[in-house]
Structure formats: C-alpha cells, structure tokens
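Inspection log for the structure reproduced underneath, given as structure tokens.
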Amino acid sequence: MQNKENRDKIIVSPKVLIWNLFLMGVGSSLCALAVNGILIPQHFVTGGITGLALIIHKTFPYLNIATIYVLLNIPLFLIAWLSVGRRFFVYSVLGLATLTLALMFIRIEIEVHDKILSALLAGILSGAGAGVTLRSLGSSGGMDILSVILMRRFSIGIGNTIMGVNALVLGLVVFLYSVEAVLYTLIVIYVSSKVLNLVVTGLSQRKAVFIISRKWERITSEILRDIRRGVTVIRGEGGYSKEEERILYTVISFRDLGHLKRLITQIDEEAFVVVSDTLEVMNNRIGNQPHW
C-alpha cells in the first residue's frame, strides 16, 4: 500500500523534480542525436514507436517526426494512466515533451561514413538515452511505457520487450527498405537493447550466492558483520557422504561480489560457491525492483 502511495505521489520535492528533469533532458538529447544525427541521414530505421515514426516520416516527409511521435504515443499513455501510476504518467508526459523538443531542435548530423560504425553508434546513443530517461521517475513514451508495464507485472526485462516488439516492427516494414538497411537496423536494435539494460540495471544487479563450507558459522558472521547482508542457513545432506551440510544463501549487489569471494577464500579455500544472476529482487534493503 505504501509503495502504491509513493508511486501516486507526483512531486516528492523540488530537488527530485529538478534531478528528474535533468535525466530526461540528457536522455532525450542522446535519443534525438541518434535519430536526427544518424538514423535519418543514414536511412536506417529503429524499432518501436520511434521506428514507426521514422517510417511514416519517410513515407510522408512533410510531416514532422516529433508530431508523429506524439500522436503515436497517445494510446500508450492511456494504458500507462490505467496500469502504472499517476506519478509515472505525469513524469512520462514531461519526458515525452522533453524528447519532442529535443527532436525538433537538436539536428546535429554525425559524420560517420562507415555504416556499421554508424549503426553501432546509433544503438549506443539511443540505448543510453532511453536508459538515462528510465533512471528517472518516468519515461520518454514509446515502447518504454509498455516495457515498464511488462517489467512490473511479469518481470520481463526491459531490453527483451523492446527487442521482441522491434522484431515485429521490422517484419512489417522490411518491404519499405533494402535488405542491407534492415540488417544495419538490426544492429541498432540489438546494441540499443543491450546498452539500455546496462544503463537501467548497471551495478545494481543482484547476485544470488550459495555457499557450502564446514566453516559456515564463521562465514555467516563475516557476511553479517562485514558485508552487512542477510544470510539464510539451509540444512542439507551430502549426496555421496550422507553427512549433514549447511548451505548458506545470500543475495548481494554486484559491487559486493568480489569482496564476498575474497572473504570466503580467506576463511575456507575449499568452500563450494555458486553465483547466479537474478532478474529482480524485491526487498527494502537489497531489492532492485523498479521505482516506477
């Protein structure tokens, strides 16, 4: 209930508002640089709503791409109002307005003549721009809204959603472009999705760690005292030895992983350790669930 109230609280403080507007400004500038500086001059297309806007702009050049983008976003914003929360909706409107202005006024053509390098750079810029914007309390519209909804409801990675939708868009529009252009566009989409996931998740990704050691009590104490993370002790039995074992289970941040491995090695060099990635962790202290 408290989380829902927080998501519906639109303006937390002037400082938070200014910081979020700054993130949106930086993210929108990067996206506009990718669109106006590379995608349009190189005749590439990208996926999602931006891709559809580029396709419509190519077919009807007299239509402003910023206007097209706003019109295509209206149905998605209706979904956001019903499915996500008022705060995300309002900040996404601000993000959409910021991106629209950026598309209108940032028209710097990037002089990269190699098409593969252009596709790579466009993917980096657009992915970083979308990721920076999603680090705020809203989005810049487009597939970001659908991605956030699927992330919250079904824990589907943001980049995965965008890649899936982009594949569908490319399948529908392949006949408007050459096969070569579509292949370059696939590079843009792939790089963009990877950079987006990296920017949004970054070093906040959580690692689940299983530890089996005869010195489990000391390892537990050191994790609690030194790393300051919780530990669950699970009773187990060796499949071959039939001896009783203690299995330690803890979830830590990526930043703490190296520290934990050094700590375990110093206590017990023969400890059996398994480290695995997590998609999403929900907890007030160690969780990395989205803030939308």
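The values are calculated or read from the model by the stated rules, or taken from the named source; none is laboratory data. Given the structure is predicted, the values throughout are model-derived calculations rather than measurements. Note that we place each Cβ from the backbone using ideal geometry, even for glycine, and neighbour counts take in every protein chain shown.
The set of residues in segment 59-93 that are at pLDDT below 80, in contact with a helix residue (DSSP H, G or I) (Cβ under 7 Å, 6 or more places away or on another chain) and surrounded by fewer than 17 Cβ atoms within 10 Å (Cβ to Cβ) comprises Ile79, Trp81, Ser83, Arg86. Restricting attention to segment 223-240, the residues that are surrounded by fewer than 10 Cβ atoms within 10 Å (Cβ to Cβ) and touching a residue at least 40 places away in the same chain (Cβ under 8 Å) add up to 0.
Does Leu120 meet the test of being assigned to a helix (DSSP H, G or I), in contact (Cβ under 8 Å) with a residue 40 or more places away in the chain and either among the β-branched types (Val, Ile, Thr) or closer than 20 Å to Leu23 by Cα (or both)? No, not satisfied. Residues that are within 22 Å of the chain's Cα centre (by Cα) and either surrounded by fewer than 17 Cβ atoms within 10 Å (Cβ to Cβ) or outside the structural domain of Asn20 (by TED's automatic domain parsing) (or both) occur in segment 97-105; there is at least one. Going through (1) touching a Gly at 6+ places or on another chain (Cβ under 6 Å); (2) over 26 Å from Leu186 (Cβ atoms); (3) not acidic (Asp, Glu) one by one, Val90 falls short only on (1).
Within segment 178-227, being more than 20 Å from Asp256 (Cβ to Cβ), among the small types (Gly, Ala, Ser) and in a helix (DSSP H, G or I) holds for Ala181, Ser192, Ser193. Taking Leu198, is it surrounded by fewer than 19 Cβ atoms within 10 Å (Cβ to Cβ) and either under 22 Å from the mean Cα position of the chain (by Cα) or without any contact (Cβ under 8 Å) to a residue 40 or more places away in the chain (or both)? Against the criterion (surrounded by fewer than 19 Cβ atoms within 10 Å (Cβ to Cβ) and either under 22 Å from the mean Cα position of the chain (by Cα) or without any contact (Cβ under 8 Å) to a residue 40 or more places away in the chain (or both)), Leu198 qualifies.
The numbered conditions (1) surrounded by 15 or more Cβ atoms within 10 Å (Cβ to Cβ); (2) of a type in the set (A, V, I, L, M, F, W, C); (3) touching a residue at least 60 places away in the same chain (Cβ under 8 Å) are all true for Leu17 except (3).
Only a single item in (1) modelled with pLDDT under 85; (2) in a helix (DSSP H, G or I); (3) surrounded by 14 or more Cβ atoms within 10 Å (Cβ to Cβ) is not met by Met24, and it is number (1).
When Ala122, Ala208, Ala130 are screened for being farther than 30 Å from Ile65 by Cα and either at pLDDT 75 or above or not charged (D, E, K, R) (or both), only Ala208 passes. State all residues of segment 60-93 that are more than 21 Å from Leu21 (Cβ to Cβ) and part of a loop (DSSP other than H, G, I, E, B); if no residue qualifies, say none. Result: Phe60, Pro61, Tyr62, Leu63, Asn64.
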